[in-house]
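Enquirer: Provided herewith is a single structure, encoded as structure tokens, for subsequent inquiry.
The values are calculated or read from the model by the stated rules, or taken from the named source; none is laboratory data. Computed from a prediction, not measured in an experiment: that's the story for all the values here. For neighbour counting, all protein chains shown are included, and Cβ atoms are generated from backbone atoms with ideal geometry for every residue, glycine included.
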Amino acid sequence: MGEQSLASSTQPEADQIRQLFDRIAPQYDQMNQDMSFGLHRVWKQMAMRWSGAEKGMRCLDVCCGSGDLALLLARQVGPTGQVTGADFAVEQLAIAAQRNLYLQDRLSWVEADALALPFDDDRFDAATMAYGLRNLTDIPKGLSELYRVLKSGARVAVLDFHTPTNPLIVQFQKWYLQAIVVPTAERLGMSEEYAYIGPSVDRFPAGPEQVNLAKEAGFASAVHYPIAGGMMGVLVATKS
Ligand SMILES: C[S@@+](CC[C@H](N)C(=O)[O-])C[C@H]1O[C@@H](n2cnc3c(N)ncnc32)[C@H](O)[C@@H]1O
């Protein structure tokens, strides 16, 4: 762990982030389930659909963690498709590789940095990323790597927290982080680890900025869809 606190308002270093996700891997799925009341599954399903993944496609889930979205993609592409889940936290990948064993023959789990993906250009038909972009130390680089590895005409759907525009919902989101997320993290013995969420959401570019960043990364079109009252959002970007 570096000098800087994870709760600091400045971006933690990549190594701190990797160690954090390795450390919380055993409790991570339970934490997601409890703090979103199971809704994260619905939002991930939306992101999977918006990526344009179809039967037989070769798909990529970057920052796959314990594999929720990669597993959804694997069901969607069917037995003739292939899905790669990429993450730099090996403890998360180890959990992903033990889930839904009947789907594993269409999945591969790759230890990789989202800022330097170990894949050829123009390789994937669709891509997803859930709650990863906000954690990257270089968001423009992460987007340009996604752009590089997608085929022409392919889409990426990026799900993450979002700061709502409605002031009442802003208040609700602050309450939710304090009253739901922090106690859930405390109950699972991870209060220090989850102190980073609030600052990371505050730092994260809003939807219109994400759209601009995607276009600067080369995407021909990009749209940000606020969901859950704007507390979450999905950036959908298409390569020309
Ligand atoms: C909040 S978790 C999300 C995991 C999963 N996508 C989900 O929604 O459940 C963020 C993930 O991003 C990964 N991550 C963060 N920065 C990364 C990077 N530069 N390269 C690869 N993975 C990264 C972390 O290891 C962690 O597993």
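Here is a yes/no grid of residues against (1) more than 16 Å from the ligand (Cβ to nearest atom); (2) more than 23 Å from Leu20 (Cα to Cα); (3) among the β-branched types (Val, Ile, Thr):
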{"site": "His162", "(1), (2), (3)": "no, no, no"}
{"site": "Trp175", "(1), (2), (3)": "yes, yes, no"}
{"site": "Ala179", "(1), (2), (3)": "yes, no, no"}
{"site": "Met190", "(1), (2), (3)": "no, no, no"}
{"site": "Ile197", "(1), (2), (3)": "no, no, yes"}
{"site": "Gly207", "(1), (2), (3)": "yes, yes, no"}
{"site": "Ser221", "(1), (2), (3)": "yes, yes, no"}
{"site": "Gly229", "(1), (2), (3)": "yes, yes, no"}
{"site": "Ala237", "(1), (2), (3)": "yes, yes, no"}
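Enquirer: Still on this structure, please answer the following. In this structure, does Leu117 turn out to be in a loop (DSSP other than H, G, I, E, B) and among the aliphatic types (A, V, I, L, M)?
Expert: For Leu117, the condition - in a loop (DSSP other than H, G, I, E, B) and among the aliphatic types (A, V, I, L, M) - is met.
Enquirer: In addition: Tell me which residues, restricted to segment 106-153, are within 11 Å of the ligand (Cβ to nearest atom) and among the charged types (D, E, K, R).
Expert: Glu111, Asp113, Arg134, Asp138, Lys141, Glu145, listed by residue number.
Enquirer: Does segment 34-87 hold any residues that are touching a Phe, Trp or Tyr at 6+ places or on another chain (Cβ under 9 Å) and aliphatic (A, V, I, L, M), and which are they?
Expert: Answer for segment 34-87, where residues must be touching a Phe, Trp or Tyr at 6+ places or on another chain (Cβ under 9 Å) and aliphatic (A, V, I, L, M): Met35, Met46, Met57, Leu60, Ala70, Ala86.
Enquirer: Quick one: which residue in Ile180, Ile197, Ile169, Ile139 is closer than 19 Å to Gln92 by Cα and among the β-branched types (Val, Ile, Thr)?
Expert: Step by step, each of Ile180, Ile197, Ile169, Ile139 is checked, and only Ile197 is closer than 19 Å to Gln92 by Cα and among the β-branched types (Val, Ile, Thr).
Enquirer: Let me ask something else. Considering Asp61, Asp105, Asp15, which residue is of a type in the set (Asp, Glu) and in contact (Cβ under 8 Å) with a residue 60 or more places away in the chain?
Expert: Of Asp61, Asp105, Asp15, the one residue that is of a type in the set (Asp, Glu) and in contact (Cβ under 8 Å) with a residue 60 or more places away in the chain is Asp61.
Enquirer: Tell me, which helices (runs of 4 or more DSSP H) lie completely within segment 123-240 with 2 or more residues that are modelled with pLDDT under 95, at negative phi and of a type in the set (D, E, K, R)?
Expert: On the way: elements: 139-149, 167-176, 182-187, 191-194, 197-203, 207-216.
Fully inside segment 123-240 and qualifying: 182-187, 191-194, 197-203.
Enquirer: Right, next: In the list Ala70, Ala94, Ala53, Ala89, which residue meets the criterion of being touching a helix residue (DSSP H, G or I) at 6+ places or on another chain (Cβ under 9 Å) and over 26 Å from His162 (Cβ atoms)?
Expert: Ala94
Enquirer: Against the condition surrounded by 21 or more Cβ atoms within 10 Å (Cβ to Cβ) and either touching a residue at least 60 places away in the same chain (Cβ under 8 Å) or in contact with a Phe, Trp or Tyr (Cβ under 9 Å, 6 or more places away or on another chain) (or both), how does Ala126 come out, does it pass? Step through it out loud before you land on a result.
Expert: On the way: surrounded by 21 or more Cβ atoms within 10 Å (Cβ to Cβ): yes; either touching a residue at least 60 places away in the same chain (Cβ under 8 Å) or in contact with a Phe, Trp or Tyr (Cβ under 9 Å, 6 or more places away or on another chain) (or both): yes.
The answer is yes for Ala126.
Enquirer: In this structure, is Ala96 aliphatic (A, V, I, L, M), in contact with a Ser or Thr (Cβ under 6 Å, 6 or more places away or on another chain) and over 16 Å from Lys55 (Cβ atoms)?
Expert: Taking the combined requirement at face value, the residue satisfies it.
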